[in-house]
1. Just how large is the dipole of the chain about the Cα centre, in debye to the nearest 20, putting +1 at every Lys and Arg Cβ and -1 at every Asp and Glu Cβ?
2. Test of understanding: what is the full-extension gain from T36 to V15, defined as 0.36 nm times their sequence separation minus their Cα-Cα distance?
3. Compute the angle between helix 52-62 and the longest alpha-carbon principal axis of the chain, please, reported from 0 to 90 degrees and rounded to the nearest 10.
4. 7 Å from Cα along Cα→Cβ at both M27 and K43: what's the point-to-point distance in nm?
5. What list of ³J(HN,Hα) couplings, whole Hz, do you get for segment 6-11 from phi and the Karplus terms 6.51, -1.76, 1.60, once you set θ to phi - 60° and write x for glycine and proline?
Amino acid sequence: MHTFGILGMGLVWLVLLLLIVAFVYWMDRDNKNEMTAKDILDKRYANGEINEEEYKVIRDSLRL
């Protein structure tokens, strides 16, 4: 019975640690979904919202 208690306590700590790691991973994953200005510009150009000339002007202004 004593061995099972030690193993059970170790299992509880392992599960707690895995939950913390999963939470940190989930929070970090959400932060990576943010698009940069260049990503938005590329998407607008790909969708045909702006032409090549406008794309180049805006791209060059982003390189300040």
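What follows is calculated from the coordinates using simple rules that are stated; it is not laboratory data. Model, not experiment: these values are computed from the prediction. Positions of Cβ are backbone-derived with ideal geometry, glycine not excepted, and every protein chain shown enters the neighbour counts.
1. 240
2. 3.9 nm
3. The angle comes out at about 60 degrees.
4. The modelled label-to-label distance comes out at 2.5 nm.
5. Each residue of segment 6-11 in turn: 5, 5, x, 5, x, 5 Hz.
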